[in-house]
Amino acid sequence: MSSRLNPQPLEWIDRSEQITFTLEGKSYKAFKGDCVTSALLASGRQLLGRSFKYHRPRGVLSLANHDVNALFQSESHPNLRGDVTQVTEGLTLRPCNVQGSLDHDRDSWIGHLSRFMPVGFYYKAFHKPRRLFPVWEKLIRRKAGLGEVNTQWTVERQPKSYVYADLLVIGGGASGMQAALSAAQAGLDVVLVDENPHLGGSLDYQLVNETAAAGHRERLKSAVHQNPGIRVLCSTLACGWYTDHYLPLLTPTGIIKLRSRAVIHAGGVMEQPAVFRHNDLPGVMLASAAQRLISRYAIKPGKRAVVLTANDEGYRAALDLQTAGVELVAVIDMGALSSRGEWARKLVDLGVPVWQQSCVYEACGATRLEQVVLAPWHQGECDLSRTETLACDLLLMSTGWSSAAQLVYQAGGKLSYQPGLEQLLPSHLPDGIFVCGRLNGAYTLEQRLADARAAAEEAVAWLAGTPISRDLAACRDDQPHSHPWPIVEHPKGKNFIDFDEDLQLRDLIHAMQEGFDNIELLKRFSTVGMGPSQGKHANMNAIRVLARYQGVSIDAAGSTTARPFFHPVPVAALAGRRFRPQRLTALHQQHQQSGAQFMEAGVWLRPEYYGPAEQRRSSIQAEVQAVREALGIIDVSTLGKIEVMGPDAARLLDCAYTMKMSTLAVGMTRYALMVDDSGVIVDDGIVGRICDDRFYVTATTSHADATFKQLSKLIQCAGLNVRLVNRTGSLAAINLAGPHSRRVLQSLTDIDLDDAVFPYLGMREGQLCGYPVRLIRVGFVGELGYEIHLPHSAAVTVWQALMQAGSSVGIRPFGVEAQRILRLEKGHLIVGQDTDGLTNPYEAGMAWAVPLKSKVWFTGKPSLALLQSRCQRRLVGLRLAPGTPQDQVKECHLIMAAEAMVGRVTSVAFSPSLGVVIALAMLDLPLADTAEQVEIQVDDGQRIQAQLTSLPFYDPDGARQRVNLEEVA
Amino acid sequence: MKLLDCPVIGARPISEFDYMGEVRVPPFEADEAAWSDYVFNRNGAPGVLREWWYHRPSGRWYVLMRDTLTDRVVGHVDLAEVRYELPS
């Protein structure tokens, strides 16, 4: 039977479009614009979900974007909230956390055991014996779970967007709209957000039948929409506040990151439930929920209603029920009728019985409300000698409100209890944060509009740099709208404080008796406010309980800060788009055409090796062999490249690097080692001297920017006359290495490569294929080789020319992996791989690079002077027995002596040149000096013998990189 | 994302800056204890610190005075004021 009303003036549904969806295989009809909850209610279904712990039947509670007992599972999404998820054609739903069906949940027996499951039961019962915990965990997760994640998910990424504004106004009700208008009229650029699909707020449900509100509604809505200074974002939730007014706004299509200069909070209030036995039965709901059902979705929430109230709003809701054709059985007022206003008088005139100074003692019914038991109520106690029973199918609760001030708390604002309003209200606000409306205790429409204007004026003045101080309480109501103790004890319990986590009044009392007598402790032990609604309708009552039973004030009981995000946010919205810059060298396409397999090196993509993935090992070996026996070519454009110019250039480099650069001859290069203040190696490269006051410096790929920064800081600290140019991106670099390198390169350049005029470690400038280049004779891979530094635009031409010229000798491009093996054979370390955040040059075997005596100063010198005699470990070479499988020993495997860890492998590879597996390892002293053999513990726990050996492994005298090998051979 | 309100170039996203610590002069002639103190210890007491900030997009260095209690920049220092002579 349908409970759909005739068209309502402001309804959100579009009756011209009908939608069909299914729940538990049963088909339901709805209109476009219906939410799942309204559509189910329209068809007469009231039981919408089962509770988290006891599997109790639940229906509508708040219908305010936090009804977390009506959760549904679609094929793609878990935990859809019925009160905000719009139905779509063909939507297939099933309930969450149900064994069987909603109506016949096989787990509903758990509720009968509740007396044996006191608060903290899980912590106490399931941790011993430890071996059984996985069994319990599995069981609990199944019984007390929420939705199931679809593991066959498809990637859904919602790109983030960015918005800037002078002022963000949160909440599109009367006060929010008025505040936005006043601020925009003063010239501010305003963004107005509201979580609902339409502006209006409580004007459109609580005051929908108020003729006095109609004029304001029309005026505000049209003025807001017409004002070009206001950007309106509906269905948008400001779900967190971060420093400097940076707020994530959750929209249906993703997150907007908004930067504003100030924020006005006008998010209103969240209605709070009364606490009495069976206050969770379907049919018991907040008064505002019923008003939303009627005005937004044209749903008649019941046939025979009782209204429990402690404020005027309850009478307004009763009048609205009457207008919607619901029979009013009675109004139960927890206070006195004499303190109520015009709405109460109207209701009394209609002849509806009002029980004053009374409360609901319990609600009765099996799976839905059938009757309520009321009792006289004095000073927080029920008089059970005079109870009355009223038959009804709807019970509205209108006993209090709590400010939606989560973001005010996050920004560092303070709220304190106002006894006049029986509510926590803002008392201290940080810079740039303003509040107005019901959130600030302004309840009548006139108060709200005046408060909004005042808040806007305050924000405008603050942004203009001429802050004014205003009395936050100026526009607040003088009547309480919340009951200070809407909580009724019952010996049989089931009077729920927290509907998310099924916490009853006695659970909180027990927790306090166990000593969890502070709100932060109480929250963590009992989990109150930790469910999906984040305490939106539990925290206020929990604080009242704590304060009363501890005999302290509400302020002394304290409140918790809802951390960002205070509202559920889908992971897809958080994930956003993958946005990570990636740098490609000038030769990237060239590598692709040569079949390169790429790897990430910092932000760069570099060829790891060339050839199909299944031939990885043989490709790398062939590349190594080409360099050793013929000619190899590698793109080293990712090296940091810095020009250092000026009268103090040599002095700067002397300070920045361990070795002396001021003595470097023009046209020569020197190894450059950089340590920090503590003597730890941070970078290495080479420094070349172009002329007296000009140097060319290279740095490792990953440390290039940091080295540039370090040099530039030294210039500032010491006031040096030096200019730096970072040419890492503008220059490409190619290393041509192998016995044939000189002959092949000579055919393309005007620079004389003869060993007599261009020695090892020399640097020359000239032309190559018509481009200006700088050649450096280097030896990183241990063969005769030239590093060619050239303009980015020349890279492809030169690379192709070299490939062409080298084809007769079998030139081969080689990747990072082959280069690692080649340098390992030479015993050259890689900073950051063979060294870590504690390695100093002595431990790395580079005492030769630390001229303590001849240099007065360099960064880190005092530390190295102290460390010289205090080394604890040293980098050593290891050689594995021939025949050891190539991948058995890996980097970071431990070196063990009996049961003690004495070192670790830093680099390891099969050396094609030597025919065995070789490694570098950091080994504790004195073992590194005395041991001949060590044991490496590999993945399966087996220990592999390794022989200590002197470095380098290959060509120890460096003959190959110095002499003309073609002549020797 | 936070903003850094630089007195010279105005408020910029803090992700454009690298923080390089408090302005300190290495004790060039220090004994082991004094040198170790310089290398390993930092002053964590709240107050106004003079700090190095590097603005990456422009490649410029600033020495800003920041109140570490309120996290507000309260001024900037001319780089000439924090210079020291390197030993030679």
(request) Return the total of residues in the range A:20-59 being of a type outside the set (Ser, Thr, Tyr), over 30 Å from residue A:526 (Cα atoms) and assigned to a loop (DSSP other than H, G, I, E, B). (result) 6
(request) Output the number of the condition that residue A:662 fails; it satisfies all remaining conditions of (1) in a loop (DSSP other than H, G, I, E, B); (2) more than 12 Å from chain B (Cβ to nearest Cβ). (result) (2)
(request) Show the residue pairs that are 6+ apart or on different chains and have beta-carbon atoms under 7 Å apart, the first residue being within the range A:322-338 and closer than 10 Å to residue A:352 by Cβ, the second being assigned to a helix (DSSP H, G or I) and open to solvent by less than 30 Å² (accessible area, probe 1.4 Å). (result) A:328/A:318; A:328/A:321; A:331/A:314; A:331/A:315; A:331/A:318; A:331/A:347
(request) Exactly one condition in (1) closer than 26 Å to residue A:383 by Cα; (2) open to solvent by 70 Å² or more (accessible area, probe 1.4 Å); (3) of a type in the set (Lys, Arg) is not met by residue A:544; state its number. (result) (2)
(message) Given (1) touching a Leu at 6+ places or on another chain (Cβ under 9 Å); (2) crowded, with 19+ Cβ neighbours inside 10 Å; (3) under 30 Å from residue A:212 (Cβ atoms), identify the lone condition not met by residue A:479.
(response) (2)
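Does the range A:842-860 contain at least one residue that is outside any loop (DSSP other than H, G, I, E, B), polar (S, T, N, Q) and touching a residue at least 40 places away in the same chain (Cβ under 8 Å)? Give the steps one after another, and end with the answer.
The initial filter retains those residues of the range A:842-860 that are outside any loop (DSSP other than H, G, I, E, B), namely A:847-849.
Still in the list and also polar (S, T, N, Q): none.
No, the range A:842-860 has no match at all.
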(message) So the check is Cβ under 8 Å with 6+ separation or different chains; which pairs have a first residue in the range A:585-600 that's within 9 Å of residue A:635 (Cβ to Cβ) and outside the structural domain of residue A:799 (by TED's automatic domain parsing) and a second one that's in a helix (DSSP H, G or I) and open to solvent by 30 Å² or more (accessible area, probe 1.4 Å)?
(response) A:586/A:792; A:586/A:793; A:586/A:796; A:587/A:796; A:590/A:796; A:590/A:800
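Quick one: how many residues across the range A:381-403 are of a type outside the set (Phe, Trp, Tyr) and closer than 20 Å to residue A:312 by Cα? Before you say what the answer is, go through the steps one by one.
Filtering the range A:381-403 for residues of a type outside the set (Phe, Trp, Tyr) gives A:381-400, A:402-403.
Next, only the ones that are closer than 20 Å to residue A:312 by Cα stay: A:394-400, A:402-403.
The number of residues fulfilling the criteria is 9.
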(message) So if I check each of A:202, A:235, which one is hydroxyl-bearing (Ser, Thr, Tyr), in contact (Cβ under 8 Å) with a residue 12 or more places away in the chain and within 30 Å of residue A:159 (Cβ to Cβ)?
(response) A:235
(message) Which numbered condition in (1) touching a helix residue (DSSP H, G or I) at 6+ places or on another chain (Cβ under 9 Å); (2) free of Cβ contacts under 8 Å to residues at least 60 places away in the same chain; (3) within 14 Å of another protein chain (Cβ to nearest Cβ) is the only one that residue A:242 fails?
(response) (2)
(request) For the range A:884-905, name all the residues that are open to solvent by less than 20 Å² (accessible area, probe 1.4 Å) and without any contact (Cβ under 8 Å) to a residue 12 or more places away in the chain. (result) none
(request) Check residue A:635 against each of (1) within 22 Å of residue A:811 (Cα to Cα); (2) open to solvent by 20 Å² or more (accessible area, probe 1.4 Å) and name the one condition it does not meet. (result) (2)
(request) Mind listing whichever residues of the range A:690-745 are aliphatic (A, V, I, L, M), more than 14 Å from chain B (Cβ to nearest Cβ), surrounded by 20 or more Cβ atoms within 10 Å (Cβ to Cβ) and not in a helix (DSSP H, G or I)? (result) A:697, A:699, A:731, A:732, A:733, A:734, A:736, A:737
(request) Would you check which residues across the range A:872-883 are surrounded by fewer than 19 Cβ atoms within 10 Å (Cβ to Cβ) and without any contact (Cβ under 8 Å) to a residue 60 or more places away in the chain and list them? (result) A:872, A:882, A:883
(message) If residue A:388 meets every condition in (1) without any contact (Cβ under 8 Å) to a residue 24 or more places away in the chain; (2) over 19 Å from residue A:169 (Cα atoms) apart from one, which number is that one?
(response) (1)
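Of the residues in the range A:134-149, how many are at pLDDT 75 or above and open to solvent by 50 Å² or more (accessible area, probe 1.4 Å)? Before you say what the answer is, go through the steps one by one.
First, the residues of the range A:134-149 that are at pLDDT 75 or above: A:134-140, A:146-149.
If we keep only those that are open to solvent by 50 Å² or more (accessible area, probe 1.4 Å) as well, we get A:134-139, A:146, A:148-149.
Residues flagged as at pLDDT 75 or above and open to solvent by 50 Å² or more (accessible area, probe 1.4 Å) within the range A:134-149 amount to 9.
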(request) Return the only residue of A:131, A:94 being assigned to a strand (DSSP E or B) and either farther than 25 Å from residue A:32 by Cα or at pLDDT 85 or above (or both). (result) A:94
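Kindly indicate whether residue A:396 is assigned to a strand (DSSP E or B) and of a type in the set (A, V, I, L, M). Can you show your working first?
Numbers: assigned to a strand (DSSP E or B): yes; of a type in the set (A, V, I, L, M): yes.
Taking the combined requirement at face value, the residue satisfies it.
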(request) Could you tell me whether any residue of the range A:484-505 is at pLDDT below 90 and open to solvent by less than 20 Å² (accessible area, probe 1.4 Å)? (result) no
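Do you know which residues across the range A:427-460 are of a type in the set (Ser, Thr, Tyr) and under 21 Å from residue A:411 (Cα atoms)? Break it down stepwise before answering.
At the first step, the residues of the range A:427-460 found to be of a type in the set (Ser, Thr, Tyr) are A:427, A:443-444.
Result: A:427, single match.
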(request) Search the range A:510-524 for residues that are open to solvent by less than 80 Å² (accessible area, probe 1.4 Å) and pair each with any residue that is of a type in the set (A, V, I, L, M, F, W, C) and assigned to a loop (DSSP other than H, G, I, E, B) when their beta-carbon atoms are under 8 Å apart and the residues are at least 6 apart or on different chains. (result) A:510/A:119; A:511/A:119; A:522/A:516; A:522/A:528; A:523/A:530
(message) Suppose the filter is part of a helix (DSSP H, G or I) and in the same structural domain as residue A:781 (by TED's automatic domain parsing); does residue A:767 pass it?
(response) no
(message) As an exercise: evaluate residue A:537 against (1) free of Cβ contacts under 8 Å to residues at least 24 places away in the same chain; (2) within 18 Å of residue A:286 (Cβ to Cβ) and give the number of the one condition it does not meet.
(response) (1)
(message) Return the residues of the range B:59-75 that are surrounded by 12 or more Cβ atoms within 10 Å (Cβ to Cβ) and polar (S, T, N, Q); say none if nothing qualifies.
(response) B:68
(message) Quick check on the range A:880-888. Is at least one of its residues in contact with a strand residue (DSSP E or B) (Cβ under 7 Å, 6 or more places away or on another chain), modelled with pLDDT of 95 or more and either assigned to a loop (DSSP other than H, G, I, E, B) or not hydrophobic (A, V, I, L, M, F, W, C) (or both)?
(response) no
(request) Sort out for me the strands (runs of 3 or more DSSP E) sitting completely within the range A:217-328 that have 2 or more residues that are surrounded by fewer than 22 Cβ atoms within 10 Å (Cβ to Cβ). (result) A:230-233, A:246-251, A:254-265
(message) If I filter the range A:1-48 down to residues being aromatic (Phe, Trp, Tyr) and touching a residue at least 60 places away in the same chain (Cβ under 8 Å), which single residue comes out as least open to solvent (accessible area, probe 1.4 Å)?
(response) A:21
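The values are calculated or read from the model by the stated rules, or taken from the named source; none is laboratory data. Everything numeric here is computed off the predicted structure, so don't read it as measured data. Here the Cβ is made from the backbone with ideal geometry for all residues, glycine too, and neighbour counts use every protein chain on show. We work out accessible area using only protein heavy atoms, side chains counted, and drop any ligands, DNA or RNA first. Shrake-Rupley method; radii C 1.70, N 1.55, O 1.52, S 1.80 Å.
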